Amino acid sequence: MMLAVEIQGLSATTLTYVTAAVAVIGAISVYGLLHVDRRWASYTALLFEAVLAALFAYTTNIIYALYSAPGFGSTVEDVVHGVTYQRIAAGILSAMLFLAALVSIGYYMELQKRGVGHE
Amino acid sequence: MKALIRLWELILERFHLKEFLEHPVPRFSSLNPLYWFGDVAAMSFFILAITGFALALLYTPGLSLTKTPPDPLLGHNAKEVYDATESYSSVYKITYLTPLGFILRQIHLWSAYMMIFATLAHFFAKFILGSYKRRGGGALWLLGVLLGVLTIGQAVLGYILPLHLDGILAIQIGLNLFRYFDYFGIPVGQLVLSVLGSLFVTDQVIKMIYVLHILIVPAIILVLLGLKINGILYGGVAPPPIKDEELRRKAMEEKEPFYPHRFALMVGQLLLQLSVILLLTAMTPLPLLEPWVPGQEVPPGVRPPWPVMWYYTYVKMIDPFISVGLPIFLVLFAMVVPLLDRKGGISIEERWVWVIIAIVYIAIIGYGTVLGFLVDIPKELTPLTRISVPPDYAVPYTGTPQAVGP
Amino acid sequence: MTMVDEDRRNVLKIFIGSSVALSLGALTTPLVGSVINAKALALKGEYSSVEVVLCENVDNCPEEYSVPISELRQGPKFVLLKKGNMAIPAVFGLVKAADGKEYPAAYNTVCTHFGCPVNPTGGKYLTGFVCPCHGSFFNICNNPNGCPENPDECAKTPDKCKRRPFLEAYVTGGPAPRSLRPIKVVVKGDRVYAVKAYI
Ligand code: FES
């Protein structure tokens, strides 16, 4: 590798696949459970959020290590790597927010079903 | 958990938030897509304000000469170093050399695009609904038109700030285009010169644009947006476009409390919006374009920011002495719409003429935008007006030219 | 009694209101005034250009407004002429005239169409400019007797046809409405000085 800075950790490709898998499984199961029971959907969402948060922390760690390494930025390849990991971090955040949005909108749907003026 | 809920209840009660939060809102407006875009635009504004604050801390405006490596997203992989302005270098630093700075800038860009798109969609939706026909709707419509103009202005100002080649061409065209604007004997070009002090980009000009972009325009937007939200809070939303009076009344009367019903929906919307923005960041990040400093050769082609592409297309195609004021007429027309469209009901069947006008209005903008991206305007375009200049204004000598012989 | 009171209160309101408005108005004057460049307002503008005097006299013209002729022999040179808050992008160059002599000249490189920076053409000598944005071509007239606007007409009646003056950078194609704005130069010693610019 021509990199001036070595990356300690999972490669970007692996990380992308892991994120995508967790996000898709999470989204499908939360969406499915919303039709059954909102409480269980929320718990599942929370679980997947925790997994994604761990992934996000892991990726951010790599990003910080990369950017604070001495000599970072001396080659374009470094910058490309930094951008790749940041894009993965954005993807993880996106999945987290999506799950939260699902739960929130699911809650609204349920309130609507329950009828007006409940609270 | 119980204690937390108790605390929350206590806060609601002691701060008298219950009265506000539980005010009833009509239900139909959360189900009809024509009522969604205003929220999206307003949320985008707040996302932009927060990311903009962080970006403003890291950005330095200026034209002084610096060096920068190439933009990796543009496919440059050279080891070369380019000349760039200080503005460009600082944006480069934010985007490529700061941890998470890339995400920050991408969120800012994508939410700006989302805000403009939502603003246009919102304008179109309210035009079709004729929402200015209700009591207080005219005032809200006026505020909306002003906000739309400011939003597009913000997009252009923000596009200029990194001072990449496209940004510099945009500011150059912005500074010089208004020379054509001389409709009523008011020399707008001269006014631009007297306020900005130059018709070529300088430190002073870029500082002015920076201040406008981060302080003045957002402040005006915030005030107008506050007025608008207040108007909607107390005046309600536009009635649904149904002809049957009875059905309409029923739809209006079916309410739900703002909290927790609508509140949950709005939180969901905000989260979904942020999620989409971040997905776009991950999938299709926007590159920082190539740098340029004064004196360098300019490669052919100019790409204005897409929110003003339609305008650019029309001034390019039609004689600029005529077309330079097109946006002013579009805005003026939008402002007087509530005065023209007064009679008749509010349903779409009764207002079909105005629905067509709304479609034409949006089509003017959409057509120009698409054309601008698709068609390369013919180079041998001769304007209707050629100014023939007396020699004094054309020749680089006051007297007879002096030869320098070898 | 109550009527009088009401009236008095209204008068008071008007007084307070108008004095607040007046003082706010007075406050904004310096704010706006300091930003507006009075000098630029006073500049006279004609033919869609504004005259900017860089130096009244060549003898005390600063070096930054000048280029050595020996440097121009290598090819056209870009100089950013700065005056106050104003910047004028200029290209200096030598024009090879039809009579074989070399004439230094300078032009404001802001395109007269929409204002993009134009690129000089001609290699070592300056022959014209081309605009990258919408392809306006500017050709520098290199005939000391002027260049015919319409060559056919000039072939028939050589003395009556319209001619463009020597060294005008006139439009030969594209959407630009007028010729490039010139920068008035004076040769002094071995340097070319820019003394007056049109923006
Ligand atoms: S700006 Fe030069 S041709 Fe349009």
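What distance in nm separates the two pseudo spin-label positions at residue B:215 and residue B:356, each 7 Å out from Cα along the beta-carbon direction?
So the label points at residue B:215 and residue B:356 sit 5.0 nm apart.
Using all alpha carbons of the stretch B:79-183, what is the percent of pairwise distances in each 5 Å bin, ordered from the shortest bin to the longest?
Pair shares across the bins are 2, 10, 14, 16, 15, 13, 11, 8, 5, 3, 1, 1, 0.
Could you give me the radius of gyration and the Dmax of the stretch A:12-113, taking only the C-alpha atoms into account and expressing both in angstrom?
Over the stretch A:12-113's Cα set, Rg and Dmax evaluate to 16.8, 59 Å.
Please label the shape of the stretch A:14-71 as rounded, prolate or oblate, based on the square roots a ≥ b ≥ c of the eigenvalues of the alpha-carbon gyration tensor (a/c under 1.5 means rounded; beyond that, a/b larger than b/c means prolate, else oblate).
Judged from the Cα gyration tensor, the stretch A:14-71 comes out prolate (a/c at least 1.5, a/b above b/c).
What nm value, rounded to one decimal, do you get for the distance between residue B:19 and residue C:188 when each label is placed 7 Å out toward the C-beta?
It works out to 7.8 nm between the two label points.
In whole angstrom, how long is each semi-axis of the equivalent ellipsoid of the protein assembly as shown, when you take the square root of 5 times every eigenvalue of its Cα gyration tensor and sort them from largest down?
Equivalent ellipsoid of the protein assembly as shown: 55, 35, 24 Å, largest first.
Points 7 angstrom from Cα along the Cβ direction at residue C:99 and residue C:172: gap in nanometres?
According to this spin-label approximation, the distance is 2.2 nm.
If you bin the C-alpha pair distances of chain B every 10 Å from 0, what whole percents do you get?
Pair shares across the bins are 4, 17, 26, 24, 16, 9, 3, 1, 0, 0.
Non-local amide H neighbours of residue C:50 (under 5 Å, H modeled in plane, Pro and chain starts lacking H): which ones?
C:199
Rounded to the nearest 500 deg cm²/dmol, what is the calculated helix-only ellipticity per residue at 222 nm for chain B, with -39500 (n - 2.57) per DSSP H run of length n ≥ 4?
Computed ellipticity for chain B at 222 nm equals -19000 deg cm²/dmol.
Work out the FRET efficiency for residue B:65 and residue B:373 from their Cβ-Cβ distance, taking R0 = 30 Å, and round it to the nearest 0.05.
The calculated FRET efficiency here is 0.35.
Extent of the stretch C:149-194 along each principal axis, from alpha carbon coordinates, in Å, largest to smallest?
Ordered largest first, the stretch C:149-194 gives principal extents of 43, 28, 12 Å.
log₁₀ I(q)/I(0) of the stretch C:51-198 at q = 0.15 Å⁻¹, via Debye over equal Cα point scatterers, no solvent, to two decimals?
-0.77
Here are some pairs, C:82/C:188; C:77/C:162; C:162/C:188; C:77/C:101; which of them have Cα atoms lying more than 23 Å apart in this structure?
Checking Cα-Cα distances, C:77/C:162; C:162/C:188 exceed 23 Å.
With springs only between Cα atoms under 10 Å apart, run a GNM on chain B and tell me which of B:396, B:69, B:299 wobbles the most.
Among B:396, B:69, B:299, the largest GNM mean-square fluctuation belongs to B:396.
What's the longest bit of chain B with no exposed GluC sites (Glu not before Pro), using DSSP loop states and at most 15 other Cβ atoms within 10 Å as the test?
So the longest stretch without any such site is B:81-253.
Once phi is turned into ³J(HN,Hα) by the Karplus curve 6.51 cos²θ - 1.76 cosθ + 1.60 with θ = phi - 60°, what whole-Hz value does each residue of the stretch B:283-298 show in order, with x for glycine and proline?
Once θ is set to phi - 60°, the couplings for the stretch B:283-298 become 7, 10, x, 8, x, 8, 6, 6, x, 7, 10, x, x, 6, 5, 9 Hz.
Hey, what angle do you get for helix C:2-35 against the long axis of chain C, alpha-carbon based, 0 to 90 degrees rounded to 10?
Once rounded, one gets 20 degrees.
We did not get these values from a lab; they are worked out from the coordinates using the rules stated. Not measured: the values here are computed from a predicted model. Every residue, glycine among them, receives a Cβ derived from its backbone with ideal geometry; neighbour counts consider all protein chains shown.
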